[in-house]
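Coordinate-derived values only; no laboratory data. Small disclaimer: the values here were computed from a predicted structure and weren't measured. Reconstructed Cβ throughout: ideal geometry from the backbone, glycine too, with neighbour counts over all protein chains shown.
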Amino acid sequence: MTGGNDHYLTRGDIAVTAVAGRFPESPSPLALWRSLLAGGELIRDYPARRLPDGRLFSPAAGECYVPRGAFLDDTDAFDYGFFHITPREAVRMDPQQRIFLEVCHAALESGGYGRGSDAGIASVFAGSRKSGWEPYLPAAADATDAMLALGGNCPDALASRTAYKLNCTGPAVSVATFCSGSLVAVHLACQSLLAGESDLAIAGGACIRFPSHQGYVYHRGGILSVSGRVRAFDQTADGTLFADSVAVIVLRRLEDAQGAGEPILAVIKGSAVNNDGARRAGYSAPAVDGQASVIQRAWDRAGITADRIGMIEAHGTGTAIGDAIELRSLLRVFAPAAARACALGSLKTNLGHADCASGITGLIKVILAVQQGIIPPTLNCSRPVDGLTGAHSPFYLPRAACQWDAADAPRIAGVSSFGIGGTNAHVVVAQPPAYAAGDAGKEPVHLFPLSARGPGTLRLLAENLRTYLLAHPRSSADDVAYTLQRGRYALPVRRIVLARDVPGLLCGLTQAGAVIVASDGPVDEAYLDMATAWQRGREADWSRFYTGERRLRLPLPTYPFDRGRLGGDMNGPAV
């Protein structure tokens, strides 16, 4: 498994083979990453409103309206037909469940597994909370409607419904540990893989809040920010701001991912979960001992020391007490061996606090950082709190995106997430192993199958694939064909291109027809017969093309859902 520059990899490491998600102002992880590198703050301004009973806000009474928020768009849209869900059921599902289902499917396809079926036993671990959606449910006409509403709005159903719709037969566990839920889900997924319960695991979280697209009420002495900005670890920090996020990652045992030629974005080398117990001032108060302990335990499991950590994605909520305790815990574990500077950041300064999905969202930031070798800037910290910077501190605050040059050492980062109630989680992430190319194919022509539920979606899928190939001109035709054949679920409306190489595929994608021959030479009748049979709805034995040859699954564009509007006013009453 190891060799060359991959000496840091060990048996027991977990590969991250795909990420997917939707975020405020960012419909994908790549869009989020671009915003982070640009130092973007993804929080909108909203017009001022009155209180629900018509009263004006009273600053003298310690309350005011803060016209700021970070929400997902199009939460009333869902491709329910794709998942064989009726409109009657779909309209009664919490948008958290709807969007989580779409994001999980996208993640599987991005990793090269259309429904997870050929990866062995697939599992789902996910965290969510009550969204506030229930007041906008249509009235139940009968017992069936009432049951649909119950199953569609209970956080307990998030993982099991996903497992049902995506045919995941391993553990399906919904996690409820408040803010740390999604990172706890990642830890549980890793443990399930290591124990042999799962061969593939989806882990993540969903947080969508209603009423949507409006500001919030600030109360003096509460945790919300009166300024509408999260200033983690800054002396002027005045609280946090809640945000929407739905995000997941796909995990595999490293040796399995390498053997199957799957994309590996990063490696999880260790994780840990604990609880503060009674060692804190109150039930909702954090504790230094618990946080320091969970970080150290994760590092010990990963077999690393503090001097090898180049980046910490902190919980960093922007609350004075919470940040102070977190900094004390970090300084405790770094103090013995912090030989080099470590970047400290918090995605909440860009996005706000995504509650039970905050841990997975921060983890995706770190996965992309160790993969790309770039550390995004930390926002809103012009006056760092005492002890954060200086000659005796192991930390620095990146003011702009900077290259992460680890020389001969691998890029390694830690991600923390702490929940109300004291359940803490920490995950150690390392850069991916060196890329290993697939074998050169011996086939005179390749079959590139595309399918969708409707002709419009099929056209969009072809356009998205063409855009990807133009941006990645060195993609292997063998690997593109392999990914489309083995990593996508075959749907009713089908189109297939026969071509020798990627330029031929690009040409074929612009042509009309169901079976397109984009080859400059004769095509064997056996290939044409197989392509025609598949296009007409038959199953194909793609394995005949890959006997004794290694192929790679590429992160090609995923299915473009045809998301119909379900209707309803989800913005709720004026605040």
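Based on the Cβ-Cβ distance of Ala31 and Arg453, what FRET efficiency does E = 1/(1 + (r/R0)^6) give at R0 = 25 Å, to the nearest 0.05? In this case the efficiency is close to 0.50. Taking all Cα pairs closer than 8 Å and separated by 6 or more residues, the relative contact order of the range 446-545 comes to 31 percent. Gain on full extension, evaluated as 0.36 nm per residue between Lys130 and His213 minus their Cα-Cα distance, stands at 28.1 nm. Measuring r between the beta carbons of Ala38 and Ala407 and using R0 = 45 Å, the FRET efficiency lands at 0.95. Expressed as a whole percent, how much of the Cα-Cα distance distribution for the chain exceeds 35 Å? Here the tail beyond 35 Å accounts for 39 percent of pairs. Tell me which DSSP H helices of the chain clear both cut-offs, 18 Å or more of axial length from alpha-carbon atoms and a mean Kyte-Doolittle hydropathy of at least 0.0. Passing helices, by number: 95-110, 181-194, 320-334, 358-372, 455-471. When the inverse distances between all different Cα atoms of the range 442-521 are averaged and flipped, the Kirkwood radius reads 12.5 angstrom. Scanning the chain for chymotrypsin sites (Phe, Trp or Tyr not before Pro) that sit in a DSSP loop and have at most 10 other Cβ atoms within 10 Å, the longest stretch containing none of them is 1-282.
Note on Asp541 and Asp300: with the Förster distance fixed at 56 Å, the Cβ-Cβ geometry gives a FRET efficiency of about 0.75.
Looking at the chain, identify the longest residue range that excludes and avoids all GluC sites (Glu not before Pro) in DSSP loops having at most 15 other Cβ atoms within 10 Å. Mind dumping the intermediate values first?
Numbers: sites that count: Glu197, Glu539, Glu549.
Longest site-free region, per DSSP loop and neighbour criteria: 198-538.
Sequence-distant contacts, meaning Cα pairs under 8 Å at least 6 residues apart, place the relative contact order of the chain at 20 percent.
May I ask you to list the trypsin sites (Lys or Arg not before Pro) in the range 222-294 that are in a DSSP loop and have at most 15 other Cβ atoms within 10 Å of their Cβ?
Sparse-neighbourhood loop trypsin sites (Lys or Arg not before Pro): Arg279.
For the chain, what is the number of Lys pairs with C-alpha distance below 24 angstrom, counting only pairs 8 or more positions apart or on separate chains?
Working: Lys130/Lys165; Lys130/Lys348; Lys269/Lys365; Lys348/Lys365.
Pairs that pass both the separation and distance tests number 4.
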